[in-house]
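Colleague: Structure below; questions to follow.
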Amino acid sequence: MNAFRTVGARLSLALLGVVALVLGLVYFIVVPSLRSRLVDARLNDLDRAAQLLAKQYRHDQNDPDFFSNAAADTNARVLLMSVIASQSPMLVTPGLSSLPGRGLGDYTNDPVATRTAQTSHVERGTVKRNDGEFAEASAPVRDGNGDILLLSAPLHDALADVDAVQRRMFFAGGLALVVALLIGYGAARLFAVRIRRLERAAERIASGRFDEPVADRGADELGELSRAFDRMRIRLARLDHARREFVANASHELRTPLFSLGGFLELLEDEELDEATRREFFETMSGQVRRLTKLADDLLDLSRLDAGRLHVETQPLDLASLAGAAVEEFAGVALASEHPLEYARNGATGARGDPQRVLQIVRILLENALVHTPPGTPVEVAVRRADGRAEISVVDAGPGISAEDRAELFERFYRGQSTKASGSGLGLAIAKQLAELMGGRIELESKPGRTAFSLVLPAGESARERAKS
């Protein structure tokens, strides 16, 4: 992998860029502002001094030490400029100076003094000459006599301070960039290590290894992501365990009746087998075929539910008529298993759902009640509607369901400790998903002597109730 494409390198470069941008902004804001303030401060000093010295010169112009004293007080070169207006353009030449003879020619037509000659007001500004940059202020000595007092101070010392600040900023900026690069790379490397650890965990999960947890104790977004990965790992581990149990149980449920059918077929090959025994074998084989067919139908329903391809036709229906049909259908089974089966009629009970799927759920609940309770246990089917919901309940007076079994009763292939081997453990799982698909649910209440499974659906108006209204 290209080193500049890693997260650490990108984060380091991003931090480096941010620090460089901040330093650049500071430099371009602070240095010009500092230079401007220093120059303005010097010009203000010269401005005030020029006005004061112009007034003093009017009274002390015969003082031979005036210019040297003024230069010492203001730390600037003091010149008396003469204006020759007869020439075109105007000529402004230096006369008396605090430093006689030293570069006076450079001050001829000085721009600051020239502006004063033109405006007769105090002027100030900066002037560049061969020996550097100067701050200057000029003031007219007397109105109309053409003499101008010019103060010229080099800016070398003031600008030297600016240059020193500039050099220090360059040094501090370079040091800050290096430190930022090191810190950014170090922090990004630690961050990248956590990302690589998460990447390895994702690869383990993708390969089907769910035994090692995804550990990251960070309180940031990456830590939250790691904890989400670990929750996903746990769920996938449970799903994988359920899948393995599903395959094992489905294989067992398919193999048992097939093995039984194979045995009966071998017995039927015996030519000396009497007709009564042969009919008994055929009845048993028919039962095994029905068991296989039911298991195949259950597996098909589960696959459709998992794929989201099992659709329900939600419509108004009458739970009472569906419950009555289910009781009539199971009357023979209840009689054969010596279970008193009763139907508590409560008039028309309207609900909304799919009639075929509701009847399928009631069959599952009735079959469980008849198969998993001792002979002689009363079973009752009842319907009622209250508080905006309609429900159909299958209640038995059996020994009840333990708390351990209730916790996993709706899991696929779960058959509990007391469940008979004839069940596949798929019925309640299918019933739960079908109920939820219709916007309802399965409720369970169980204690010794009474177990009630209830299909709860949204209340609606049945066709019989609509006809009455």
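Colleague: Select from region 302-330 the residues that are exposed (fewer than 15 other Cβ atoms within 10 Å of the Cβ) and either farther than 26 Å from Gly376 by Cβ or in contact with a Leu (Cβ under 6 Å, 6 or more places away or on another chain) (or both) and list them in ascending order. First the steps, then the outcome.
Modeller: Pass one, region 302-330, residues exposed (fewer than 15 other Cβ atoms within 10 Å of the Cβ): 303-304, 306-309, 311, 313, 315, 325, 328-329.
If the condition is that a residue be exposed (fewer than 15 other Cβ atoms within 10 Å of the Cβ) and either farther than 26 Å from Gly376 by Cβ or in contact with a Leu (Cβ under 6 Å, 6 or more places away or on another chain) (or both), then Ser303, Arg304, Asp306, Ala307, Gly308, Arg309, His311, Glu313, Gln315 are the ones that fit.
Conditions tested, residue by residue: (1) without any contact (Cβ under 8 Å) to a residue 40 or more places away in the chain; (2) within 30 Å of Tyr343 (Cβ to Cβ); (3) not in a helix (DSSP H, G or I).
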{"residue": "His252", "(1), (2), (3)": "yes, no, no"}
{"residue": "Gly263", "(1), (2), (3)": "yes, no, no"}
{"residue": "Glu280", "(1), (2), (3)": "yes, no, no"}
{"residue": "Gly287", "(1), (2), (3)": "yes, yes, no"}
{"residue": "Arg290", "(1), (2), (3)": "yes, yes, no"}
{"residue": "Thr293", "(1), (2), (3)": "yes, yes, no"}
{"residue": "Leu305", "(1), (2), (3)": "no, yes, no"}
{"residue": "Ala320", "(1), (2), (3)": "no, yes, no"}
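Colleague: Suppose we keep only residues that are open to solvent by less than 10 Å² (accessible area, probe 1.4 Å) and under 46 Å from the mean Cα position of the chain (by Cα) within region 347-370. Which one would you say is nearest to Ala459 (Cα to Cα)?
Modeller: Selected residue: Ala351.
Colleague: Starting from residues that are assigned to a helix (DSSP H, G or I) and closer than 21 Å to Val18 by Cβ, keep the ones in region 212-226 and report whichever is farthest from the chain's Cα centre (by Cα).
Modeller: Residues of region 212-226 that are assigned to a helix (DSSP H, G or I), as a first pass: 221-226.
From what's left, closer than 21 Å to Val18 by Cβ: 221-222.
Values: Glu221: 8, Leu222: 10 Å.
So, considering only residues that are assigned to a helix (DSSP H, G or I) and closer than 21 Å to Val18 by Cβ, the one farthest from the chain's Cα centre (by Cα) is Leu222.
Colleague: Given the options Ile234, Ile183, name the one that is under 30 Å from Ser303 (Cα atoms) and over 20 Å from the mean Cα position of the chain (by Cα).
Modeller: Working: Ile183 fails: under 30 Å from Ser303 (Cα atoms).
After applying the criteria, what remains is Ile234.
Colleague: Considering only region 110-145, how many residues are in contact with a Phe, Trp or Tyr (Cβ under 8 Å, 6 or more places away or on another chain) and either within 21 Å of Ala70 (Cβ to Cβ) or of a type in the set (Phe, Trp, Tyr) (or both)? First the steps, then the outcome.
Modeller: Start the filter on region 110-145 by keeping residues that are in contact with a Phe, Trp or Tyr (Cβ under 8 Å, 6 or more places away or on another chain), which leaves 113, 126-128, 141.
Right, trim to either within 21 Å of Ala70 (Cβ to Cβ) or of a type in the set (Phe, Trp, Tyr) (or both) and you get 113, 126-127, 141.
Total meeting the criteria: 4.
Colleague: Pick from Glu408, Glu328, Glu404: which is modelled with pLDDT of 90 or more and out of contact with any helix residue (DSSP H, G or I) (no Cβ under 6 Å at 6 or more places or on another chain)? Even if it seems obvious, please write down each step before you answer.
Modeller: Details: Glu408 fails: modelled with pLDDT of 90 or more; Glu404 fails: modelled with pLDDT of 90 or more.
After applying the criteria, what remains is Glu328.
Colleague: So, one more: May I ask you to say which residue of Ser86, Ser120, Ser82 is open to solvent by 20 Å² or more (accessible area, probe 1.4 Å) and either modelled with pLDDT under 75 or of a type in the set (Lys, Arg) (or both)? Before you say what the answer is, go through the steps one by one.
Modeller: Details: Ser120 fails: either modelled with pLDDT under 75 or of a type in the set (Lys, Arg) (or both); Ser82 fails: either modelled with pLDDT under 75 or of a type in the set (Lys, Arg) (or both).
Just one listed residue meets the conditions, Ser86.
Colleague: Which of the residues that make up region 181-211 are open to solvent by 70 Å² or more (accessible area, probe 1.4 Å), without any contact (Cβ under 8 Å) to a residue 12 or more places away in the chain and either closer than 16 Å to Ala228 by Cβ or assigned to a helix (DSSP H, G or I) (or both)?
Modeller: Within region 181-211, Leu182, Leu190, Arg196, Glu199, Arg200, Glu203, Ala206 qualify.
The values are calculated or read from the model by the stated rules, or taken from the named source; none is laboratory data. Here the structure is a predicted model, which means the values were calculated and not measured. For neighbour counting, all protein chains shown are included, and Cβ atoms are generated from backbone atoms with ideal geometry for every residue, glycine included. With ligands, DNA and RNA removed, areas are computed over all heavy atoms of the protein, side chains included. Shrake-Rupley method; radii C 1.70, N 1.55, O 1.52, S 1.80 Å.
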